[in-house]
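Have a look at the structure below, then the notes.
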Amino acid sequence: MLDATSFVPAPSLVTTGATQGSWNQAQEPLETLEGLAPHTVLTHADLYPRICVRDPYYALKDVTVMGEGEVVARIPVQQDPDAEAGPISIAESGRHLAILGSCASALMSPKDGQHFYLACGARGQWLRPEAMARSTELLWGLARAQFTGKRTATAQTLLSLEDGTPLFRLEVDYNVLSAAAFTRLFGEARVDMRREPRRDESVQRTPEEWAKLRQNPYSKPLALRDWRPDGESLRATLGPVTPDMCKGHFALHPVMPVAIVASGMTRVATTLLRRLEGAPWARCLTKDVRLSADSLAFAGQTVTFGAVRRAHEGNDHTFTCQASVGERVVAELDVTFTRVD
């Protein structure tokens with residue numbers, strides 16, 4: 001596990017601007033990611049074919065090799081944390097850190113080429129006790145990864161403020177599938193995303209037109225509906241899931257990212273906390289979180305999110321959450337929130 005005090009951004013990355021503009025440079029993709037020198041900047045062309053996610057789900061900036069199986073990146077805050085009194089929500093933290101962990105895992109992959117890194121479990125701790133405002137700065141992310149089997153990997157990750165103050169520590173487990181194995185297992189999720197030929201990309205567009213084309217579904221909360229309270233439990237539904245809700249995850253196989261499923265579960269839990277406290281303005285901080293994800297939600301399916309408060313002591317509220325499609329459980333989450341105001 002990463003020491004929460006161990007990460008201070010490398011001065012060369014902070015002060016020299018060595019990575020500025022690297023994402024827009026026209027570069028040939030690296031043939032292999034193995035054995036790269038420290039401070040090598042990985043471009044989209046290097047990473048996209050290997051980790052199989054892309055923008056807008058992928059939003060990391062300046063992914064830079066720091067050592068064997070270790071990368072650092074800048075992380076944006078794209079969504080209001082709402083009831084969570086931190087610079088970023090735990091679900092969005094998990095989104096960026098899990099992707100960064102897959103980048104680190106790609107450095108250690110025993111086989112080059114295209115692989116899908118499916119997050120199947122995570123364990124995390126929030127490291128700051130005080131309420132904080134939403135961050136307007138890029139955060140720092142650090143990930144160290146190793147393969148734990150032929151088709152499994154684990155990444156230890158750390159999210160920090162701009163000044164290096166640790167915020168959130170998360171360990172993520174992955175099932176690693178080749179492209180052929182993924183297609184064999186999840187062929188039912190395939191959707192023809194381009195029924196018509198793509199228009200000539202040399203056409204000139206206004207910034208507003210480009211913004212519409214590149215709309216980011218991950219910048220706003222899920223449109224949950226049919227809220228159903230029942231004592232110390234609460235349920236809500238989403239769907240049917242559309243391909244637009246899954247942009248960048250994955251090409252031709254739109255499935256809901258585990259981190260976005262987690263955002264639905266945490267939102268139901270914090271909404272339940274506010275309801276039980278009789279305080280719709282209440283905010284809270286995460287103490288710890290444990291996630292398991294054994295399945296996926298495909299485009300066209302409806303997802304039900306549920307939360308049950310199973311313990312309450314002082315300002316601490318512990319919830320067990322679940323996301324399901326019909327009778328099939330997609331993911332489960334145990335989380336403790338501490339009310340801070």
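So, Leu13, is that one open to solvent by less than 30 Å² (accessible area, probe 1.4 Å), modelled with pLDDT of 75 or more and within 21 Å of Leu159 (Cα to Cα) or not?
No, not satisfied.
Limited to the range 33-51, what total is found for residues that are within 20 Å of Phe182 (Cβ to Cβ), in contact with a strand residue (DSSP E or B) (Cβ under 7 Å, 6 or more places away or on another chain) and open to solvent by 10 Å² or more (accessible area, probe 1.4 Å)?
Of the residues in that region, 1 qualify.
Take Glu313 and decide whether it is farther than 25 Å from Leu100 by Cα and not β-branched (Val, Ile, Thr).
Yes.
Suppose we filter the range 305-325 for residues that are under 24 Å from the mean Cα position of the chain (by Cα), open to solvent by 30 Å² or more (accessible area, probe 1.4 Å) and not β-branched (Val, Ile, Thr); how many remain?
Matching residues across the range 305-325 total 1.
Any idea which of (1) crowded, with 18+ Cβ neighbours inside 10 Å; (2) closer than 21 Å to Glu332 by Cβ is the one Asp230 doesn't satisfy?
(1)
Listed residues Thr183, Thr206, Thr266; which is β-branched (Val, Ile, Thr) and at pLDDT 90 or above? Before you say what the answer is, go through the steps one by one.
Values: Thr183 fails: at pLDDT 90 or above; Thr206 fails: at pLDDT 90 or above.
That would be Thr266, the only listed residue that is β-branched (Val, Ile, Thr) and at pLDDT 90 or above.
Can you tell me which residues in the range 68-124 are within 19 Å of Arg144 (Cβ to Cβ), open to solvent by less than 20 Å² (accessible area, probe 1.4 Å) and free of Cβ contacts under 8 Å to residues at least 60 places away in the same chain?
Ile99, Leu100, Ala104
For the range 293-303, how many residues are within 28 Å of Gly231 (Cα to Cα), touching a residue at least 60 places away in the same chain (Cβ under 8 Å) and crowded, with 20+ Cβ neighbours inside 10 Å?
The qualifying residues number 2.
Per-residue answers, yes or no, for (1) among the basic types (Lys, Arg); (2) part of a loop (DSSP other than H, G, I, E, B); (3) at pLDDT 95 or above:
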{"site": "Pro110", "(1), (2), (3)": "no, yes, no"}
{"site": "Phe116", "(1), (2), (3)": "no, no, no"}
{"site": "Ala119", "(1), (2), (3)": "no, no, yes"}
{"site": "Ala122", "(1), (2), (3)": "no, no, yes"}
{"site": "Gln125", "(1), (2), (3)": "no, no, yes"}
{"site": "Pro129", "(1), (2), (3)": "no, yes, no"}
{"site": "Trp140", "(1), (2), (3)": "no, no, yes"}
{"site": "Ala145", "(1), (2), (3)": "no, no, yes"}
{"site": "Thr148", "(1), (2), (3)": "no, no, yes"}
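Taking into account only those residues within the range 209-236 that are within 15 Å of Val261 (Cα to Cα) and part of a loop (DSSP other than H, G, I, E, B), which is modelled with the highest pLDDT?
Leu224
Could you grab me the full set of residues in the range 237-282 that are over 14 Å from Pro56 (Cα atoms), among the aliphatic types (A, V, I, L, M), open to solvent by less than 20 Å² (accessible area, probe 1.4 Å) and assigned to a loop (DSSP other than H, G, I, E, B)?
Within the range 237-282, Val241, Ala279, Ala282 meet the criteria.
Residue check: is Ser135 among the polar types (S, T, N, Q) and crowded, with 22+ Cβ neighbours inside 10 Å?
On the way: among the polar types (S, T, N, Q): yes; crowded, with 22+ Cβ neighbours inside 10 Å: no.
For Ser135, the condition - among the polar types (S, T, N, Q) and crowded, with 22+ Cβ neighbours inside 10 Å - is not met.
Among the candidates Leu139, Leu159, which residue alone is more than 21 Å from Leu296 (Cβ to Cβ) and either free of Cβ contacts under 8 Å to residues at least 60 places away in the same chain or in contact with a helix residue (DSSP H, G or I) (Cβ under 7 Å, 6 or more places away or on another chain) (or both)? Give the derivation first.
On the way: Leu139 fails: either free of Cβ contacts under 8 Å to residues at least 60 places away in the same chain or in contact with a helix residue (DSSP H, G or I) (Cβ under 7 Å, 6 or more places away or on another chain) (or both).
Answer to the check: Leu159.
The values are calculated or read from the model by the stated rules, or taken from the named source; none is laboratory data. From a predicted model like this one, the values you see are computed outputs, not experimental measurements. Cβ sites come from the backbone with ideal geometry, for glycine too, and all protein chains shown count toward neighbours. Protein only, heavy atoms only, side chains kept; ligands, DNA and RNA dropped before computing areas. Shrake-Rupley method; radii C 1.70, N 1.55, O 1.52, S 1.80 Å.
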